[in-house]
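See below for the structure under consideration.
The values are calculated or read from the model by the stated rules, or taken from the named source; none is laboratory data. These figures come from a predicted structure and were not determined experimentally. Here the Cβ positions follow ideal geometry from the backbone for every residue, glycine too, while neighbour counts run over all protein chains shown.
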Ligand code: ADP
């Protein structure tokens, strides 16, 4: 069936609208987790601990947690599955995957690939379901005593529901929840680099990733130049259209609800004094297409700086001091990714250590990769995925005491 990566990428573009080039990137990213964890499986080391008594020996074994329920979102329909399933299978767990209702096809395509790869029947299971059935299926997966582990990526609101379900049988949980990423540009920054990073971090996947920048904080001295160059880059480099057209960089948003949220954030900001620098409305293509938008004169009172937009909206807040920027960045109940641009080494250390997030990009706008631990603090979640840490989410530690020796 699926003979090459190209076919898998086309499935992603067909089901979630992202440009084919981004979908191709996702397939490489998705495959990287299977490769990485296949290798990590060989390094699930136990331990031998010096015993507290002469006639004892102490061992530590690592064992699979058991059946893992895996609930994934629509924005990376393939990679969000393999980031979890790769680690789970490497640890020795079987999985039941419930993909997002908008994007079940990649999950099913992975099932076909699992068959082709010789994964035994019953190890990788997929339960696609309708929007109406999602809550009920989710509840079964998260309360069934046969399930030992829940790994979820999605909104903080849904994550909290699943945590409550998990409490009844005290399941192990990993939660990758919403973010509200700040992107701080200090006066010392290289503006052109900051603009390139801003464009990538904000508009990848039309702003629909949990690590996409949600608010820009730009220092007074560099503010006007940054806004002007950012607007020019948006107008020149971003092309809204059908994901299958080669020049498209911005596909449609996932559904009408997503478009309404972006509209609501813009309307609220403008009503409180924000200025539209570029974009600002639904795209002339209609349906779920939206213009990449840049707002200036934004304040922390506006909705777009208080909650995740999850769309192509870049609000810019002007600040004066480093302490002010860090305080604004940290005034959130979530903390997934954070970015800042500075060329001052002391400031780089200070700010990297102070930001209350799980991942920091310093002079970089795209930081996710298989080698690096992905995850958040505060209400952005529990646990880490990818990297050498990701496999621990699916392993139990068993201590064995050999006595009477
Ligand atoms: P988003 O807002 O990004 O769509 P959601 O948290 O609603 O985020 O969705 C992420 C995943 O969680 C999807 O697979 C969705 O079907 C699932 N989901 C949504 N609500 C529930 C629920 N009540 N129980 C279980 N899964 C749910």
Worksheet item: What do you reckon, is residue 28 touching a helix residue (DSSP H, G or I) at 6+ places or on another chain (Cβ under 9 Å) and either more than 16 Å from the ligand (Cβ to nearest atom) or without any contact (Cβ under 8 Å) to a residue 24 or more places away in the chain (or both)?
Response: yes
Worksheet item: Are any of the residues in region 309-317 closer than 23 Å to residue 209 by Cα and surrounded by fewer than 23 Cβ atoms within 10 Å (Cβ to Cβ)?
Response: no
Item to complete: Identify, from the list 188, 201, the residue that is farther than 25 Å from residue 311 by Cβ and in contact (Cβ under 8 Å) with a residue 60 or more places away in the chain.
Response: 188
Worksheet item: Looking only at region 1-41, which residues are surrounded by fewer than 20 Cβ atoms within 10 Å (Cβ to Cβ) and over 18 Å from residue 82 (Cα atoms)?
Response: 1, 3, 14, 21
Discussion item. Quick check on residue 182: is it more than 14 Å from the ligand (Cβ to nearest atom), more than 28 Å from residue 297 (Cα to Cα) and touching a residue at least 12 places away in the same chain (Cβ under 8 Å)?
Written reply: no
Worksheet item: Within region 178-206, can you find the residues that are under 17 Å from the mean Cα position of the chain (by Cα) and either within 20 Å of residue 379 (Cα to Cα) or surrounded by fewer than 19 Cβ atoms within 10 Å (Cβ to Cβ) (or both)?
Response: 178, 179, 180, 181, 182, 183, 200
Discussion item. Please verify whether residue 18 is modelled with pLDDT under 95, on the phi < 0 side of the Ramachandran plot and in contact with a helix residue (DSSP H, G or I) (Cβ under 6 Å, 6 or more places away or on another chain), treating the condition exactly as stated.
Written reply: no
Worksheet item: Checking residue 175 against (1) more than 13 Å from the chain's Cα centre (by Cα); (2) surrounded by 23 or more Cβ atoms within 10 Å (Cβ to Cβ); (3) within 13 Å of the ligand (Cβ to nearest atom), which test does it fail?
Response: (1)
